[in-house]
Amino acid sequence: MKNPQNDTGSKMGMWLFLLSEILLFGGLFILYSVYRFNNPQAFHLAAEALDRPLGTLNTLILLTSSLTMALSISFLKKGGPRRSLLFLSATLFLGLLFLFNKYLEWTWKVHHGIYPDAPRLLEREKGEVLFYGLYYSMTGLHGLHVLAGVLLLSVMFIFILRGNIHRNHFVPLENTGLYWHLVDIIWVFLFPLFYLIT
Amino acid sequence: MRTYILVWLMLVALTGVAVSVAGMDWGRWSMASALVIAFFKSGLILNYFMHLKDEKGSSLFKWIIPGVLSILILFIGLTFLDVAFR
């Protein structure tokens, strides 16, 4: 199955997809920066209500999952499918943990009547409504990407287990890793923009 | 493997710096420092976890990635030329 040309091709395809993802989130980042520029005070007020410790915890979870992902790939290349599977499941677990924290965070917010188009939210200042609109759409889109990543990681787990992916054919796992790291990078920007406004 | 763990430690440390800077309330500078830290962190992830620094030879990485980033910066710049001077 070793075909260097195919490997380069699929990796390039993955990178092109990742770049289109950067532009997708880029558009939302532009929207965010314009609204924040026009409503600095309201963004500051609204962001204070976000759970900073939970956001920090989720940042550490994703950063650690990137480490376990990189280790899983490097163990597979060295011919250790068992260790590779171990670190892959760690990545999977951390991804699920991130989503679980996001679920808790959103439930609390919804419980306090802060969700898009909620009557209690609409009573507030326009800038705060915009902030929460962006908060839900941007972290929501990112959460969907994490969910897709978790599904992809599970498929990779089964492939390694069955021996479809091994030390001489590891590009699918590498591409999954690239996607997972990009999702991490997007969170690296979302975190300060929503949780660290002062 | 040691490199990966070192990079991870740096990422965790940078997160700590970003959170503590945000707690100190530097006014305008806290936004700038948070973004500088975020760019630095994504540079670490891109170069070490995604092995971008080993891909220097390929034209895709030489031109297309800077190309996409410049398009994004151009969009942000042009948007603010409009928004900031209204």
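The values are calculated or read from the model by the stated rules, or taken from the named source; none is laboratory data. Since this is a predicted model, take the numbers as computed values, not measurements. When we count neighbours, we look across all protein chains shown, and the Cβ atoms used for this are built from the backbone with ideal geometry, even at glycine.
Can you tell me which of (1) surrounded by 19 or more Cβ atoms within 10 Å (Cβ to Cβ); (2) part of a helix (DSSP H, G or I) is the one A:ILE114 doesn't meet?
Tallying (1) surrounded by 19 or more Cβ atoms within 10 Å (Cβ to Cβ); (2) part of a helix (DSSP H, G or I), A:ILE114 fails exactly one: (2).
Among (1) surrounded by fewer than 17 Cβ atoms within 10 Å (Cβ to Cβ); (2) closer than 30 Å to A:LEU88 by Cβ; (3) in contact with a Gly (Cβ under 6 Å, 6 or more places away or on another chain), which single condition is A:LEU147 missing?
Result: A:LEU147 passes all but (3).
Only residues that are touching a residue at least 24 places away in the same chain (Cβ under 8 Å), of a type outside the set (D, E, K, R) and under 12 Å from A:ALA49 (Cα atoms): list them for the range A:100-114, please.
Of everything in the range A:100-114, those that are touching a residue at least 24 places away in the same chain (Cβ under 8 Å), of a type outside the set (D, E, K, R) and under 12 Å from A:ALA49 (Cα atoms) turn out to be A:TRP108, A:ILE114.
Inspect the range A:70-83 for any residue being crowded, with 20+ Cβ neighbours inside 10 Å, at the interface with chain B (Cβ under 9 Å from one of its Cβ atoms), within 28 Å of B:TYR48 (Cα to Cα) and in contact (Cβ under 8 Å) with a residue 40 or more places away in the chain and give the result as yes or no.
Within the range A:70-83 (the criterion being crowded, with 20+ Cβ neighbours inside 10 Å, at the interface with chain B (Cβ under 9 Å from one of its Cβ atoms), within 28 Å of B:TYR48 (Cα to Cα) and in contact (Cβ under 8 Å) with a residue 40 or more places away in the chain), the answer is yes, since at least one residue qualifies.
Would you be able to say whether some residue in the range B:26-40 is over 22 Å from A:PHE43 (Cβ atoms) and surrounded by 13 or more Cβ atoms within 10 Å (Cβ to Cβ)?
Within the range B:26-40 (the criterion being over 22 Å from A:PHE43 (Cβ atoms) and surrounded by 13 or more Cβ atoms within 10 Å (Cβ to Cβ)), the answer is yes, since at least one residue qualifies.
When you scan the range B:34-68, how many residues do you find that are within 9 Å of chain A (Cβ to nearest Cβ), modelled with pLDDT of 85 or more and assigned to a helix (DSSP H, G or I)?
Number of matching residues: 13.
So is A:ARG36 within 24 Å of B:SER20 (Cβ to Cβ), assigned to a helix (DSSP H, G or I) and of a type in the set (D, E, K, R) or not?
Answer is yes for this residue.
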